[in-house]
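Colleague: One structure is given below, represented as C-alpha cells, and several questions about it will come after.
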Amino acid sequence: MIHPSYVELMKVVNNDVEIGEEPVVNSRYSIVIAAAKRARQIIAGDEPMADKIICPKPLSIAVEELYEGKVKILPESSDEE
C-alpha cells in the first residue's frame with residue numbers, strides 16, 4: 001500500500017477549510033496535479049522542504065511535502081468580467 005493515500009492527502013490539504021466553505025481539493029485528480037507541479041519545481045532546482053525524505057525521487061518528495069503541510073494548494077481564482 002502506498003503511504004500516504006490520496007484520502008489522507010486530501011484531509012491534510014483541506015485541513016484549514018472552515019465549515020461551509022468549498023474544500024480546496026475535491027478529487028484525486030487535484031492531488032495528482034498539485035504533486036506533479038511541485039515535482040517539476042523540484043526537478044527545475046527548487047529546494048525540497050520536506051523534513052522526512054525517504055525516497056530521493058522528486059514526485060515522492062512532492063507528496064511528502066503535501067502530507068507534511070509544507071506546500072499549500074491555492075484554489076483557482078475565476079477571472080469573471
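Listed here are the residues, each with its yes/no results for (1) touching a helix residue (DSSP H, G or I) at 6+ places or on another chain (Cβ under 8 Å); (2) of a type in the set (S, T, N, Q); (3) at pLDDT below 85.
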| residue | (1), (2), (3) |
| --- | --- |
| HIS3 | no, no, yes |
| TYR29 | no, no, no |
| CYS55 | yes, no, yes |
| GLU65 | yes, no, no |
| GLU80 | no, no, yes |
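Colleague: Being of a type outside the set (D, E, K, R) and either within 18 Å of VAL13 (Cβ to Cβ) or in contact (Cβ under 8 Å) with a residue 40 or more places away in the chain (or both) is the filter here; which residues of the range 49-59 pass it? Reasoning before the result, please.
Modeller: So in the range 49-59, the residues of a type outside the set (D, E, K, R) come out as 49-50, 53-56, 58-59.
Within the range 49-59, MET49, ALA50, LEU59 qualify.
Colleague: Tally time: how many residues in the range 19-34 are free of Cβ contacts under 8 Å to residues at least 12 places away in the same chain and exposed (fewer than 10 other Cβ atoms within 10 Å of the Cβ)?
Modeller: Selection size over the range 19-34: 2.
Colleague: Which condition from (1) at pLDDT 90 or above; (2) among the acidic types (Asp, Glu); (3) touching a helix residue (DSSP H, G or I) at 6+ places or on another chain (Cβ under 9 Å) is the one that ASP51 breaks?
Modeller: For ASP51, the exception is condition (1).
Colleague: Please count how many residues of the range 25-60 are in a loop (DSSP other than H, G, I, E, B) and over 13 Å from VAL71 (Cα atoms).
Modeller: Matching residues across the range 25-60 total 11.
Colleague: Taking into account only those residues within the range 1-18 that are assigned to a loop (DSSP other than H, G, I, E, B) and in contact (Cβ under 8 Å) with a residue 24 or more places away in the chain, which is surrounded by the most Cβ atoms within 10 Å (Cβ to Cβ)?
Modeller: Applying the filter and picking the extreme gives PRO4.
The values are calculated or read from the model by the stated rules, or taken from the named source; none is laboratory data. Everything numeric in this text was worked out from a predicted model, so none of it was measured. All Cβ positions, glycine included, derive from the backbone under ideal geometry; neighbour counts span all protein chains shown.
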